[in-house]
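Chemist: Right, I'll just put the structure down here and ask away after.
The values are calculated or read from the model by the stated rules, or taken from the named source; none is laboratory data. Computed from a predicted structure; not experimentally measured. Positions of Cβ are generated from backbone atoms using ideal geometry, with glycine treated the same way; all protein chains shown enter the neighbour counts.
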Amino acid sequence: MTFSKRILAGFGWTAGGRFLGQLVAWGVSIVVIRILSPDDYGLLAMATVLTGFVALFSELGLGWAVVHAREVDATTLRKVFGLIILVNGALTALAFGVAPLVASFFGEQRLTELIRVIAIQFLIVAPGVIPDAILQRELEFKRRSLVELSATIAGGAATLGLALAGFGVWALVYGSLLAITWRTVGINIVRPFLHLPSLRFTGLGKLFAFGGYVALSRVLLYLYLQADMVIGGRFLGKEQIGYYAVGMNLASLPMQRISVILNEVAFPAFARIQDERERVGQYLLRSIRMLSLFGFSVFWGIAAVAPEIVSVLLGDKWEPAILPLQLLALVMPVRMIGQLMPPTLQGVGEAKLVARNQLLACSVLTLAFLAGVQFGIVGLSGAWLIAFPVVFLANLRTWLPVLGLRAGQLLGAMAGPAIAGAGMFAIVAAVRAQGLVGGPYRLLLFVLVGAVSYAALSLLVNRETLRDIRTLFLAGIRPPKL
């Protein structure tokens, strides 16, 4: 099988698994949001500020360094395995010790126990890092996607059952822990690493150098992704940040799933052809055209029907989340494309450049959140909408020359889908103004109108991308020659 076909097959398996997982996650999330309260989601958002940050150091970027390395042997993998176990044990102890300080910072003592239970995940994930890295090196996307899908289903079922049983915020915590445990066990079943860890860490210099920049990039990414929650939680309180957190969750859920797919496929794939940067650039440009076609339709569609999504699916108690959901959804296509760039550049060895650009993003967005919080959760959402496109355009100047691309090529790849998305938004708004139907049928009508209008407009302005998708689809389903 050629490289292109392997990547296409890998994307198909990963996307298929993630799509089914997405359906489960969306279904569970909508039901659970209706059961739980804004207070529950606010507590979880505050707790994960610490645990999510600590999780960035759970493998020190060494998992990705193993994937990127041209050659690795069992001795090196044993050393990495031993180091990861030590680091995760230390992180668990750190989270236990710091939990009371975080609770005091937010003025919510329930966070102490919540953080300590969530921190158990660091001990659970450690045994899965090396088997997962080996699967990625081997481009074994099928087995990885099946494990991920089964973990999502198991975790979702547990979360829903516990929420119905009245566990409140603990339903979210225990469901997540079950999914993490399921994934670790599954990865070890499909690709076991049957070696004891080694505590001799000599000879890991190159892996540390690359992994260090990957870890730094993740830290900076996490800081600005959580800065809005920290700043909002500090100045607005748990109820308001709960509304904001749900708006962000609904707006970003498709992006999170798609970004995971892209990261899982793009990084190991581009690492395989890291010495052919022009080829990587062309693959990237093609990916952005297709990603934009998806992103602008889904996210600007969510923005167009946000009032109906909240009222029909979540209930009237979540009405304050409508405007944040709309504002956050509008910027999501650019955020999703922006998140494709780091794994692409890291795949060709430019981990240092990614870290530098993430530092710029972290600085600008944090300042934007500090200014936006003065206007409540709408201000926080508006900070994303204004500041992130500025950061994105600034970073393109350093990203694209590395891959032999120009800013005009990338922005041109996004232009057609953006035009179709804007037209779709305007048409849905015009139909809403007519006040034709009410209740749940109103949401169904707007979704249908949006889908038809985006498809029709795409036939006019996105023909090249549609042809590419058709070609890839036919290539994927055509049987091999005997």
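Chemist: Consider the stretch 133-148. How many of its residues are surrounded by fewer than 16 Cβ atoms within 10 Å (Cβ to Cβ) and outside any helix (DSSP H, G or I)?
Modeler: Result for the stretch 133-148: 1.
Chemist: While we're on this one: State all residues of the stretch 158-189 that are loosely packed, with under 15 Cβ neighbours inside 10 Å, modelled with pLDDT under 90 and not small (Gly, Ala, Ser); if no residue qualifies, say none.
Modeler: none
Chemist: Which of the residues that make up the stretch 380-428 are closer than 22 Å to GLY450 by Cα and touching a residue at least 60 places away in the same chain (Cβ under 8 Å)?
Modeler: Matches in the stretch 380-428: ALA413, MET414, GLY416, PRO417, ALA418, ALA420, GLY421, ALA422, MET424, PHE425, VAL428.
Chemist: Could I ask something else about it? Would you pick out the residues in the stretch 313-334 that are closer than 15 Å to SER29 by Cβ and either in a helix (DSSP H, G or I) or touching a strand residue (DSSP E or B) at 6+ places or on another chain (Cβ under 9 Å) (or both)?
Modeler: Residues satisfying the conditions are LEU313, LEU314, TRP318, ALA321, LEU325.
Chemist: Also: Give all pairs with beta carbons closer than 6 Å in which a residue from the stretch 199-221 that is more than 25 Å from GLY338 (Cα to Cα) meets a residue that is modelled with pLDDT under 80 and among the aliphatic types (A, V, I, L, M); count only pairs at least 6 apart in sequence or on separate chains.
Modeler: These pairs meet every condition: LEU207/LEU62; LEU207/ALA65.
Chemist: Further question on the same structure: What are the pairs with Cβ atoms under 6 angstrom where one residue, in the stretch 330-359, is free of Cβ contacts under 8 Å to residues at least 60 places away in the same chain and the other, located anywhere, is assigned to a helix (DSSP H, G or I) and polar (S, T, N, Q)? Sequence gap at least six, or different chains.
Modeler: Close Cβ pairs (under 6 Å, with a partner that is assigned to a helix (DSSP H, G or I) and polar (S, T, N, Q)) amount to ASN357/ASN395.
Chemist: It is to be established whether one or more residues within the stretch 304-311 are among the hydrophobic types (A, V, I, L, M, F, W, C), assigned to a helix (DSSP H, G or I) and surrounded by fewer than 22 Cβ atoms within 10 Å (Cβ to Cβ).
Modeler: No, the stretch 304-311 contains no residue that is among the hydrophobic types (A, V, I, L, M, F, W, C), assigned to a helix (DSSP H, G or I) and surrounded by fewer than 22 Cβ atoms within 10 Å (Cβ to Cβ).
Chemist: In addition: Being part of a helix (DSSP H, G or I), over 23 Å from the mean Cα position of the chain (by Cα) and among the polar types (S, T, N, Q) is the filter here, so list the residues in the stretch 86-132 that pass it.
Modeler: THR92, SER104, THR112
Residue-by-condition table, conditions (1) over 23 Å from ARG191 (Cα atoms); (2) in contact (Cβ under 8 Å) with a residue 12 or more places away in the chain; (3) over 19 Å from the mean Cα position of the chain (by Cα):
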{"position": "THR48", "(1), (2), (3)": "yes, yes, no"}
{"position": "ALA69", "(1), (2), (3)": "no, yes, yes"}
{"position": "ARG78", "(1), (2), (3)": "no, yes, yes"}
{"position": "PHE81", "(1), (2), (3)": "no, yes, yes"}
{"position": "ILE84", "(1), (2), (3)": "no, yes, yes"}
{"position": "ILE134", "(1), (2), (3)": "no, yes, yes"}
{"position": "ARG143", "(1), (2), (3)": "no, yes, yes"}
{"position": "ALA151", "(1), (2), (3)": "no, yes, no"}
{"position": "GLY156", "(1), (2), (3)": "yes, yes, no"}
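Chemist: Would you check which residues across the stretch 181-212 are among the aromatic types (Phe, Trp, Tyr), assigned to a helix (DSSP H, G or I) and over 28 Å from LEU149 (Cβ atoms) and list them?
Modeler: PHE208, PHE210
Chemist: Tally the residues that are of a type in the set (Val, Ile, Thr), surrounded by fewer than 18 Cβ atoms within 10 Å (Cβ to Cβ) and modelled with pLDDT of 90 or more, restricting the search to the stretch 374-431.
Modeler: Looking only at that region, the number is 4.
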